[in-house]
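Have a look at the structure below before the remarks.
Throughout, read-outs are computed from the coordinates displayed, never taken from laboratory work. Please read all numbers here as calculations on a predicted model, not as lab measurements. Ideal geometry is used to build each Cβ from the backbone, glycine not excepted, and the neighbour counts take in all protein chains shown.
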2 protein chains.
Amino acid sequence: MIETALVVVIVICLIALILAALLARNLLSQDEGTPKMREVSDAIKVGAEAFIKRQYSTIAIIAIILAVVIFVVYYFTGQQSLAVYTAVSYIIGATCSAVAGVVAMSIAVRTNIRTAAAAQHSDGKALDYSFRGGAISGLIITSMSLLGVSLTYIALGANPQTTPFVILGFGFGASFVALFAQLGGGIYTKAADVGADLVGKVEAGIPEDDVRNPATIADLVGDNVGDCAGRGADLFESTAAENIGAMILGVALFPVFGVNGVLFPIVMCSLGLLASMIGILTVKGKDGADPMDALNRGYYITAIISAVFLFFGVQWLLGAATGWLYFFYAGLVGIVLSVCFLRVTLYYTDHHYRPVKEIADASETGAATNIITGFSVGLETTAIPAILIAISLLLSYWFGSMTGIESGGLYGTAVATVGMLMVCAYVLAMDTFGPIADNAGGIVEMSGAPEEVRKRMDSLDAAGNTTKALTKGYAIGSASLAVFLLFNAYMADISKLTAKAFDVVNLASVPVFVGALLGAMLVFLFASFAIRAVSKTAQSVIEAVRIQFKNPGIMAGTQKPDYAAVIDITTQGALRNMVLPGVLVIGFPIFIGVTMRHEALAGFLMVATITGILLALILNNSGGAWDNAKKFIESGAHGGKKSEAHKAAVIGDTLGDPFKDTAGPSLHVLIKLLATLSLVLAPLFI
Amino acid sequence: MIETALVVVIVICLIALILAALLARNLLSQDEGTPKMREVSDAIKVGAEAFIKRQYSTIAIIAIILAVVIFVVYYFTGQQSLAVYTAVSYIIGATCSAVAGVVAMSIAVRTNIRTAAAAQHSDGKALDYSFRGGAISGLIITSMSLLGVSLTYIALGANPQTTPFVILGFGFGASFVALFAQLGGGIYTKAADVGADLVGKVEAGIPEDDVRNPATIADLVGDNVGDCAGRGADLFESTAAENIGAMILGVALFPVFGVNGVLFPIVMCSLGLLASMIGILTVKGKDGADPMDALNRGYYITAIISAVFLFFGVQWLLGAATGWLYFFYAGLVGIVLSVCFLRVTLYYTDHHYRPVKEIADASETGAATNIITGFSVGLETTAIPAILIAISLLLSYWFGSMTGIESGGLYGTAVATVGMLMVCAYVLAMDTFGPIADNAGGIVEMSGAPEEVRKRMDSLDAAGNTTKALTKGYAIGSASLAVFLLFNAYMADISKLTAKAFDVVNLASVPVFVGALLGAMLVFLFASFAIRAVSKTAQSVIEAVRIQFKNPGIMAGTQKPDYAAVIDITTQGALRNMVLPGVLVIGFPIFIGVTMRHEALAGFLMVATITGILLALILNNSGGAWDNAKKFIESGAHGGKKSEAHKAAVIGDTLGDPFKDTAGPSLHVLIKLLATLSLVLAPLFI
């Protein structure tokens, strides 16, 4: 018999998929614009699909090797019964994560052309289409994550006390694919972007998105494979990993809540999905209005409905505790934290506030001061988010403890995480909207559409930039909570394996301290590799474009540049350069765990996470602030385009590119990957 | 009766002081060069002395407030007997640290003119003088640190089981003054440097160190107050804090070694001082030879003699243990680590190796790629040092455990730290040599000396840049070991205060995890403030210079610019902007300790330290690499001066300035300050 709670989850997910299908049908029936637009869009589609195909082939090879490793580890550490289950759930997780990425990308490349076409007449419609494109991705990804966890749970026995430990493989599979998807896509998108800019704008002196630049299509492809596919995979695995982690913590509360405590996280996330659907449907573009107004309204509606659902959900599933109301408060902490993270990110990356203004001012004295100021802003942005995370953890732990249940404090932090992830589908919609609008803008530009159409797209593009920055803030905030929960799941897992309570990670012992030091180091080293991969790949792009520019026909505009050649080179470079950092972050923790055992690995994990969160904030926010300082100057401040200040701001923006779109988002995935990896390979480390 | 061991320490220190006096007498009797040189040098001296005077007045005010706080804390937490002792030893430590800074600066401003004069005839002599200037500082600072600790120990009762806990105040006083000295000096030197460059080279198009630029003298003053006084105070407190920490750990071994285990660290450091004296005396400049050859030879001689002394020292003081030889091995680990750190830093910052070459290559495609590459190099530089520190800690702990003594492992890490700090005086000599050579180069340039003299100074200046980078590597390496030791001292201190073993810092508990997160955050926030302070102060410098440049007489060279006005503005800016970050790093840990108690504070401390070490490596090494990439291009690579690549490299170098000379070195001090602060205010946190 399947629990009512599971039925609720499955039904809501099916509703979400139906809504997504309806939205997609409506969207696909819209006008596809001028032949010129279609030509550009087709080129993007072909390039994106080719990249994704080759990327996932590469990932598949590494994934299969790891599946064998997992099987062998379980088989030869006396866990034969788990070996097949874990390996299979790993493969399912990896496959679902890959599908999530492909879906996000496919929707995006079909939506951008329709958005561009709509922008010919109405900016309200353009917003509607691009946001709905994002919404389709958000709904499909979130419901696939929930369905994947639920169905794997049912398939593997649905025993509330043991199955959560078996479906760990699903979470690791999801993280694993997400890492490579985000890393490879991130390298691709920024190598193409940086390469196109340096060789086009700087060397040849032609504008951005100029048709003569052979790297422009690669640049537009990058938005789809990096931003859409990457963040899709990222949030897919956030939801999956967090749900599984919270279910494991729920096992400890089995005596109090029975199966309800175990299923609570996925039920709440599905209720959040329902709230997101309502929020999504309220978003309606209006000609001449600021797109952010509609998007923000939808977000607040989603958050408020989520809070209401949270109340009833807690009452229903955790009502067995007399102090259940405290769990509701803990969940509210998560919802409020998600709003706070968005506001803080806005403050640091929007030109209405001090930080971006400061960077724009500093551009007056050149690139050096622009970058010094931007970097110091980036470092500064760690403060408030860290304090917010600290308060949320302490508060939700305290609320949990007030319920009077043993381990209630820890479960309180899990409920807060669940609360934060309830709005996930809406956030994904808002996020994917950004690259779609960006792409549509590129199509409009390259198809030579009239000035007014470009202007319409500019305002949408600016909103897209803002939402991209905001959702990165959300992603890192939810990752921090999720990871704290995954630690505790790791400790519970080790305790179960060793049949001995593992509840102390003593940082004062030499091995744990050394583990912690190496964990922090790994994060910096990974960021170094990711950033270097962009500059190496960009170098290949630059060389390829230079060769084409030597052909006078291309510069004169009489001959079409060979876009495909550049796409091919970027693809090769991105795939080659993603392997080293990827293998590093999988191999290094295994090495630590095997040589220094589980407690040192726990220290490694925790400090890697702390450093990862803070470094991701630095990279994302400084990158976003540089980008918007440039846009602010382009809008006329400090002498506008062609001023010296603008030149300086362009350099800052280029530096920020690999920060905010390659290394930063990859770190989000990295910190979760480390946790799920440790969980799955735990038998190796005891 | 005073122990023989203490007599040895005091005698060696006195010998060192006599040697310093002899070297100084000889140096001061040398030629002071042309009247033009003297004019420049006098201006530097006046500016440096004025800054130091005002800086220490500001520091004194904050120091006195803290002395009262310390007294009150001890008095009202039932430790009345310790209140006066701790406050007094704090004041002595602070005073000695201040004197160390003043001495380093005074020697430097007197040596630079003599070095410049010597360069008129011989580069060998110029090396001799500048290195001896550094040696005088190194000898005085190290012996003052050792004398300070020993005499305070004697004055406060010389009870080997209790006095080490009382002289903690000395260590904190030293750290406290070092922080402000390094921070204020660091802000001063880079604000003047960046300001002078941006307004002179970039805006007005006049060369570096041009007499017409009113900010040049401030720039030269900066070398003295930032590099000489700052690093002097830094290594003074490293030695002091490490000795006190190791003495506290020695208390635990009192049953085995008696007083010898407690006095071991200071005895070994004094033997290291003796070895350094020998090393210093072997350094002899040779015309036309690479100065680095002589300096490196001296270093290796010092290290080898230290190793020999280490053997006999361990046998003498720790011979009571049958496994004493293992302690010798642990000490060797420290000496070897110091050599490794120097080699790694050399690899990352010297233009003969891949990293700097890569940055120079990347400059071809502009400032953005120069900076992206440099930053990724910076991130990469965390890897090998972290692994080295990890291996050293594990290995010395293991050696210590092999002695079979209880707590032997921990003492093994203390012995390794002692080993690393034995060469301290020599390293300081090498370090202070850098800014002296830099200053002498500036004097030669500004006094309009002939081309050949400038060339001679250039090669010395380049060596100075290298040694400056190397010694920063050494400082951070020794700080990491010292801090691990200080943690353990902190835990011993808390155990003593609460009369309950405190030996677990459980990172899995929410408050400790939160403390750890906030500790890491504090490091980033502090770096942000330090970097921002430079750009703010540089902005004032730029404005002040712009006003003077409006006077046509100055640009024509007919009228002397008002150097003093710029010095004054830089002084004000540096002092104003050092207060906020300084107060932050003192107030924040107190807040954490008071609200979340001693275990959370321990988590805070340890993770702040880990992050601080790694961030300091990133900032120091990327800054050094950018600097040397620029110099490499200036030497003719990639089109030489005036090429586009050079322009790009200058931007990278300017960004690196506040990284490597303000934020990075201040972080060295910060991490030790956090530890000594927690130690001294421990009664507040129980």
| Estimated vicinal HN-Hα couplings, Hz - the range B:574-579 in sequence order (Karplus 6.51, -1.76, 1.60; Gly, Pro = x) | 4, 5, 5, 7, 8, 5
| remark: Distance in nm between B:V308 and B:Y347 label points, each 7 Å along Cα→Cβ, equals 3.0 nm
| Dividing the convex hull volume of the alpha carbon atoms of the range A:404-530 by its residue count, what do you get in Å³ per residue? | 168 Å³
| request: Quick one: P(r) of the range B:1-144 from all Cα-Cα pairs, 5 Å bins, percents rounded to integers, in order of increasing distance. | output: 2, 9, 14, 14, 14, 13, 12, 9, 6, 4, 3, 1, 0, 0
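Could you tell me what % of all Cα pairs in chain B have separations over 40 Å?
On the way: 58067 of 234955 pairs.
Tail fraction, whole percent: 25.
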| field | Rg followed by Dmax, in Å, when the range B:110-186 is reduced to its Cα trace | value | 18.6, 58
| Isotropically averaged projected area of the range B:484-561, using the convex hull of Cα atoms (one quarter of hull area), nm² | 9.4 nm²
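How do B:Y90, A:Y347 line up, fewest other C-beta atoms within 10 Å first?
The fewest-first ordering by Cβ neighbours comes to A:Y347, B:Y90.
Relative contact order of chain B: what whole-number percent is it, with Cα pairs under 8 angstrom and at least 6 residues apart?
Numbers: 1329 pairs, mean separation 144.5, N = 686.
Relative contact order, chain B: 21 percent.
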| What per residue convex hull volume, in Å³, comes out for the range B:330-442 when only alpha-carbon positions are used? | 115 Å³
| field | Rg [Å, one decimal], Dmax [Å, integer] - the range B:536-580, C-alpha atoms | value | 12.2, 41
| note | Phi angles of the range B:423-438, converted by Karplus (6.51 cos²θ - 1.76 cosθ + 1.60, θ = phi - 60°) into ³J(HN,Hα) in whole Hz with x for Gly and Pro, give 7, 3, 5, 5, 4, 4, 4, 5, 5, 5, 3, x, x, 5, 4, 4
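Averaged across B:495-507, how many Cβ atoms of other chains sit within 10 Å of each residue's Cβ atom? Can you show the working numbers first?
Numbers: counts 0, 0, 0, 0, 0, 0, 0, 1, 3, 6, 8, 6, 15.
Mean inter-chain Cβ contacts per residue within 10 Å come to 3.
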| query | If you take the Cα Rg of the range B:54-106 and divide it by 2.2 N^0.38 Å, with N the number of residues, what do you get? | reply | 1.30
| message | Can you tell me the orientation of helix B:259-282 relative to chain B, as the angle in degrees between its alpha-carbon axis and the longest Cα principal axis, to the nearest 10? | response | 30 degrees
| query | Relative contact order (percent) for the range B:424-510, with alpha-carbon contacts under 8 angstrom and 6 or more residues of separation? | reply | 29 percent
| task | Shielding by partners for A:384-397, please: the mean number of other protein chain Cβ atoms within 10 Å of each residue's Cβ. | result | 4
| query | In which sequence would A:I633, B:I586 go, from the one with the fewest C-beta neighbours within 10 Å to the one with the most? | reply | B:I586, A:I633
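Under 14 Å from the Cβ of A:F236, count the other residues' Cβ atoms, weight Lys and Arg +1, Asp and Glu -1, and hand me the total.
Numbers: positive: A:R231, A:K672; negative: A:D234, A:E237, A:E242, A:D431.
The answer is -2.
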| field | Anchor B:K560: aspartates and glutamates whose Cα lies under 13 Å away (excluding residues fewer than 8 positions away in-chain) | value | B:E39, B:D210
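For the range A:213-295, which trypsin sites (Lys or Arg not before Pro) pass both filters: DSSP loop (anything but H, G, I, E, B) and at most 15 other C-beta atoms within 10 Å?
On the way: sites: A:R231, A:K284, A:K286; in loops: A:K284, A:K286.
Filter output for the range A:213-295: A:K284, A:K286.
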| What average number of partner chain Cβ atoms lie no more than 10 Å from the Cβ of the residues making up B:189-199? | 1
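Once the mean 1/r over all distinct Cα pairs of the protein assembly as shown is inverted, what Kirkwood radius in angstroms do you read off?
Values: mean 1/r = 0.0312 Å⁻¹.
When all Cα pairs of the protein assembly as shown are included, the Kirkwood radius is 32.0 Å.
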| Once the Cα gyration tensor of the range A:134-239 is diagonalised, what are the square roots of 5 times its eigenvalues, in whole Å and ordered largest first, as equivalent ellipsoid semi-axes? | 41, 12, 7
| said: How would A:R114, B:R25, A:R38 line up from fewest to most surrounding beta-carbon atoms within 10 angstrom? | reply: B:R25, A:R38, A:R114
| field | Relative contact order %, the range A:142-291, counting alpha carbon pairs below 8 Å whose residues are six or more apart | value | 31 percent
| What list of ³J(HN,Hα) values in whole Hz, one per residue of the range B:670-686 in order, does the Karplus curve 6.51 cos²θ - 1.76 cosθ + 1.60 (θ = phi - 60°) give from phi, with Gly and Pro shown as x? | 3, 5, 6, 4, 4, 5, 5, 4, 5, 4, 6, 8, 3, x, 6, 9, 8
| said: Quick check on my link table: of A:K36/A:K631; A:K468/A:K631; B:K45/B:K284, which ones sit more than 23 Å apart, alpha carbon to alpha carbon? | reply: A:K36/A:K631; B:K45/B:K284
| note | Only helices counted: for the protein assembly as shown, with every DSSP H run of 4 or more residues adding -39500 (n - 2.57) and the sum spread over all residues, [θ] at 222 nm is -29000 deg cm²/dmol
| If the cut-off is 16 Å between C-alpha atoms, which aspartates and glutamates fall inside it for B:K286, apart from same-chain ones fewer than 8 positions away? | B:D123, B:D128, B:D458, B:D461
| task | Please give the peptides B:647-655, A:62-70, B:301-309 ranked by average Cβ packing (other Cβ atoms within 10 Å per residue), highest first, as a rough proxy for protection. | result | B:647-655, B:301-309, A:62-70
| query | How do the peptides B:267-276, B:427-436, A:195-204, A:554-563 rank, highest first, by the average count of neighbouring beta carbon atoms within 10 Å per residue? | reply | B:427-436, B:267-276, A:195-204, A:554-563
| task | Quick one: angle between helix B:229-252 and the longest Cα principal axis of chain B, in degrees between 0 and 90, rounded to 10, please. | result | 10 degrees
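Considering only the other residues whose Cβ falls under 12 Å of the Cβ of A:G195, what net charge follows from Lys and Arg at +1 and Asp and Glu at -1? All intermediate terms of the calculation are to be shown ahead of the outcome.
Numbers: positive: A:K190, A:K201, A:K536, A:R546; negative: A:D193, A:D197, A:E203, A:D219, A:E543, A:D657.
Once positives and negatives cancel, what remains is -2.
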| request: Would you mind counting up the charge near A:A119? Only other residues with Cβ under 9 Å from its Cβ, with Lys and Arg at +1 and Asp and Glu at -1. | output: +2
| For B:K286 and B:V594 in one chain, what is 0.36 nm times their gap in residues minus the Cα-Cα distance, to one decimal in nm? | 105.1 nm
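Take the Cα gyration tensor of the range A:221-344, multiply each eigenvalue by 5, square-root it, and list the three semi-axes largest first, rounded to whole angstrom.
On the way: eigenvalues 193, 73, 26 Å².
Semi-axes from the Cα gyration tensor: 31, 19, 11 Å.
Any chance you could list the semi-axes, whole Å, largest first, of the equivalent ellipsoid that the Cα gyration tensor gives for the range A:68-227, using √(5λ)? Walk me through the numbers before you get to the answer.
Working: eigenvalues 348, 90, 12 Å².
They are 42, 21, 8 Å, listed largest first.
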| Inter-copy label distances at B:S122 (7 Å, Cα→Cβ; nm, one decimal) | 9.0
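State the Kirkwood hydrodynamic radius of the range A:530-686 in Å, one decimal place, computed from all pairs of distinct Cα atoms.
Values: mean 1/r = 0.0536 Å⁻¹.
When all Cα pairs of the range A:530-686 are included, the Kirkwood radius is 18.7 Å.
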